[in-house]
Amino acid sequence: MGETSFTPRVFSGIQPSGNLTLGNYLGAVKRFVEMQNSGIETIYCMVDLHAITVWQDPDTLRHNTRELAAAYIACGLDPKKSILFNQSQVPAHAELGWLFNCVARLGWMNRMTQFKDKAGKNAEKMSLGLYAYPSLMAADILIYHATHVPVGEDQKQHVELTRDIAAKFNHDFKTDFFPEPEPIIDGAATRVMSLRDGSKKMSKSDPSDMSRINMTDDADTIAKKIRKAKTDPEALPDNLDDLKDRPEARNLVNIRAALTGQTPEQVIAEVAGQQFGTFKPDLVEIAVSHLAPITDEMNRLMADVGEIDRVLGDGANRAAEIAEPILAKTYDIAGMIRSR
Ligand code: TYM
């Protein structure tokens, strides 16, 4: 990780919008666990205020927030080592988000590809929150003075915008109060692709459930989805370069690498010459043996939502202890009177 004068601190978040996918797991949660276990201070959030930028049924949102918390813990995040909480329980996120709405420029927001992808031709009908979303995301990170942000490739632009917001705030108020955090995007699975179309990202919102593996899928469903994953009739080559025009094959090699902790180069050396008729059953076995214990543990944890809520409440208290002084100082820098 790069040098900075701020104490290293990791922040990241995931939207509790249901269907946590293998992409979220390999691109984000698995990396969160590695960073937690490296001993650095880690703060991980269920970003419910982001989820409501598109319509969420209240009961479903409550369920999905708890399920995401269960997934975090089942994947190896330890509430004693990491701060785990849902965003709306720490109001400082929304408050700093407002200040940043007044720092970020419309032109910056207009360049955000995620908004364009989500809004499509319907931009006029989207919520104002969806448009301002990256500014709240900057607040999530900077309210903790986080220095490192583990994310998948699709969030890189948002973390870069966070750096721009920090820099503009510091410049406008002649201060060096906010760090410019670094996105941490590495490993074999920074962009897991759809199982049905190697040119599209694996996504929780894809209309086809066959396009993704969900963390709640049972072994039979995982097996069916991998068996039916789109591939081509060629055997696997002995060189990754030869997969450059075979995105579906490359995606499965990357998934296997990320699950086994190998590099894609090591995987291709192992599977060179295999047909998918051999490769796929092996991948099913690897995926099921890795994911089944996580799913079982999620189900066990979901049987006691009281305990999950207690973990989130405790995490929110600890998060607020860090966030509140940073918010107070930010208000002060911006000229807001704080006389209570
Ligand atoms: P979200 O909820 O869409 O995704 C959560 C994390 O999963 C990663 N990811 C993927 N990685 C690899 N392959 C994929 N197919 C794939 N799909 C998703 C995402 O890159 C992300 O790391 N804006 C964020 C949530 C957020 C946040 C933050 C993140 C809000 N505030 C502050 C970091 C810091 C989002 O929508 O992620």
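Quick notes on this structure:
- Every residue from the range 157-187 that is basic (K, R) and either crowded, with 16+ Cβ neighbours inside 10 Å or on the phi < 0 side of the Ramachandran plot (or both): R163, K168
- Residue satisfying all of: in the range 238-294; within 27 Å of C75 (Cβ to Cβ) and among the charged types (D, E, K, R); most open to solvent (accessible area, probe 1.4 Å) among these: E285
- Candidates P233, P207, P247: the one that is more than 12 Å from the ligand (Cβ to nearest atom), without any contact (Cβ under 8 Å) to a residue 60 or more places away in the chain and in contact with a strand residue (DSSP E or B) (Cβ under 7 Å, 6 or more places away or on another chain) is P247.
- Enumerated helices (runs of 4 or more DSSP H) restricted to the range 95-187, each holding at least 3 residues that are in the same structural domain as H50 (by TED's automatic domain parsing) and within 12 Å of the ligand (Cβ to nearest atom): 113-119, 128-142, 156-172
- Number of the exception - I83 against (1) assigned to a helix (DSSP H, G or I); (2) within 14 Å of the ligand (Cβ to nearest atom); (3) buried (at least 16 other Cβ atoms within 10 Å of the Cβ): (1)
- Flag if T65 is at pLDDT 95 or above, touching an Asp or Glu at 6+ places or on another chain (Cβ under 6 Å) and within 29 Å of I226 (Cα to Cα): yes
- Entirely in the range 258-335, the helices (runs of 4 or more DSSP H) that have 3 or more residues that are in contact with a Cys (Cβ under 6 Å, 6 or more places away or on another chain) and in contact (Cβ under 8 Å) with a residue 60 or more places away in the chain: none
The values are calculated or read from the model by the stated rules, or taken from the named source; none is laboratory data. What you are looking at is a predicted structure, and each value in this text was computed from that prediction instead of being measured. So basically every Cβ, Gly included, is an ideal-geometry build from the backbone, and we count neighbours across all protein chains shown. For the accessible areas, the whole protein counts, side chains as well, though only heavy atoms, and no ligand, DNA or RNA atoms are used. Shrake-Rupley method; radii C 1.70, N 1.55, O 1.52, S 1.80 Å.
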